[in-house]
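Here, each number is a calculation from the coordinates, and none is a lab measurement. Here the structure is a predicted model, which is why all the values come from computation and not from measurement. No Cβ is skipped: glycine too gets one built from the backbone with ideal geometry, and neighbour counts run over all protein chains shown.
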Amino acid sequence: MAVREWFTAVELKGKTVTLVPLKLEHAGALVNAAADGELWNLWFTSVPSQSSITAYIEFALAQQDLGKSLPFVVVDNSSQKIVGSTRFCNADTTNKRVEIGYTWYAKSVQKTVVNTECKHLLLCHAFETLSAIAVEFRTHWHNHRSRNAIIRLGAKQDGVLRNHQVMSDGSYRDTVVFSITNSEWLAVKASLQFKLDFLS
């Protein structure tokens, strides 16, 4: 399978949110979303600010052109406002594996149905349209909120990559790796649907 053939720009619509392909014109709305909680100040993750948003989007689109990424903005269906961003990334088309990452949400929609529905939409697309055999999630060792959210999805921890990355402040990031496999997907899907029915 040619690397560019796996990903096709697609809109994924749910009851609460819609995932819309990321474009440069989303820059202002993404900065406004990140300003809700000043998320760029979180030291253990990378959320764009006014000064970094252009490079953030250009990198995502460059990775998309290489067939390695499929980035989205998260649009709240009721207000039609952008409330965050997420993407498929680090695609391994040979082994049909992909990561869901670069996920962040405005503070006002954190701990709501938004993350559960976004992951449900992405995982359905990965396993049922792309026929992925595994979907990965990676996060900073110190990002306990993210780690707990990934576990609640039904992902299992694969391991920890020690000194995996050098952060902008010179510190080293230990990266925790989780995954959901295709053989686990039906059970995970049922669990996510139960959570969505309960939360909605």
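Some points to look at:
- Seen from Leu199, the other residues with C-beta closer than 13 Å to its C-beta sum to a net charge of +3, counting Lys and Arg as +1 and Asp and Glu as -1.
- As a proxy for reagent exposure, Arg145, Arg173 were ordered by neighbouring Cβ count within 10 angstrom, fewest first; the result is Arg145, Arg173.
- Least to most buried among Trp185, Trp104 (fewest other Cβ within 10 Å first): Trp185, Trp104
- Kirkwood analysis of the range 135-186, using all unique Cα-Cα pairs, places the hydrodynamic radius at 11.6 Å.
- Given charges at beta-carbon only (K, R positive; D, E negative), |dipole| of the chain in Debye: 420 debye
- Neighbour counts of C-beta atoms inside 10 Å place Phe7, Phe178 in the sequence Phe7, Phe178, starting with the fewest.
- Estimated 222 nm signal from helices in the chain, with DSSP H stretches of n ≥ 4 weighted -39500 (n - 2.57), rounded to 500: -9000 deg cm²/dmol
- Average Cα contact separation per residue, the chain, under 8 Å, 6 or more apart, as relative contact order %: 18 percent
- Peptide packing for 46-57, 87-98 was compared via the average number of neighbouring C-beta atoms within 10 Å per residue; ordered from the highest value, the list is 87-98, 46-57.
- Gain on full stretching of the segment that runs from Met167 to Ala9 - 0.36 nm per residue minus C-alpha separation: 53.8 nm
- Among Leu161, Leu24, Trp185 the positive-end extreme of the charge dipole of the chain (Cβ point charges): Trp185
- Kyte-Doolittle at least -0.5, axis length at least 15 Å by Cα - qualifying DSSP helices, the chain: 53-65, 113-124, 185-199
- Placing R0 at 22 angstrom, the Cβ-Cβ distance between Thr181 and Ala29 gives a FRET efficiency of 0.05 after rounding to 0.05.
- Residue among Ser146, Leu122, Val98 farthest towards the positive dipole end of the range 58-200, charges placed on Cβ: Ser146
- A full extension of the chain between Leu196 and Asp174 corresponds to an added length of 4.8 nm, given 0.36 nm per residue minus the alpha carbon distance.
- Normalised contact order of the range 43-117, rounded percent, pairs of Cα under 8 Å and 6 or more residues apart: 20 percent
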